[in-house]
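Structure first, commentary second.
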Amino acid sequence: MYCVCREHVELAIDKFVDEYEDAPDLVNLQTTAFTAWHPPEKCQWCGNPVEILVV
């Protein structure tokens, strides 16, 4: 699972496919809320605000 900004979506998809050998699902964190989990505020790679969950 990767929480990333829009700039790093392709990198997260590539890493996900390399690791799991399957296509990930992309979740827009701007329009989706979870009750038992809160995403980090910053991208894993650059510190920009998180927008996409790659899972």
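The values are calculated or read from the model by the stated rules, or taken from the named source; none is laboratory data. In this text, all values refer to a predicted model and were calculated from it rather than measured experimentally. Quick reminder, even Gly has a Cβ in these numbers, built from the backbone with ideal geometry, and neighbours come from all protein chains shown. Keep in mind that these areas ignore ligands, DNA and RNA; they rest on the heavy atoms of the full protein, side chains included. Shrake-Rupley method; radii C 1.70, N 1.55, O 1.52, S 1.80 Å.
Tabulated data for the structure shown
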{"quantity": "Positive-pole candidate from V27, V9, H38, dipole of the chain, charges at beta carbon", "calculated": "H38"}
{"quantity": "Derived scalar couplings ³J(HN,Hα) [segment 19-28; Karplus, 6.51 cos²θ - 1.76 cosθ + 1.60; whole Hz; x for Gly, Pro]", "calculated": "7, 10, 6, 8, 6, x, 9, 10, 10, 6"}
{"quantity": "Portion, in percent, of the accessible area of segment 1-40 that falls on carbon or sulfur, probe 1.4 Å", "calculated": "49 percent"}
{"quantity": "The chain, dipole about Cα centre (Lys/Arg Cβ +1, Asp/Glu Cβ -1), debye to the nearest 20", "calculated": "300 debye"}
{"quantity": "A36 paired with E19, simple spin-label distance in nm, labels 7 Å along Cα-to-beta-carbon", "calculated": "2.0 nm"}
{"quantity": "Relative contact order of the chain, pairs being alpha-carbon contacts under 8 Å that are 6 or more residues apart, as %", "calculated": "58 percent"}
{"quantity": "Net charge over other residues, Cβ less than 14 angstrom from the Cβ of Q30 (K, R count +1; D, E count -1)", "calculated": "-1"}
{"quantity": "Anisotropy class of the chain from Cα gyration tensor, a/c 1.5 cut", "calculated": "oblate"}
{"quantity": "Heavy-atom surface of the chain, accessible at 1.4 Å and reported per residue (Å²)", "calculated": "71 Å²"}
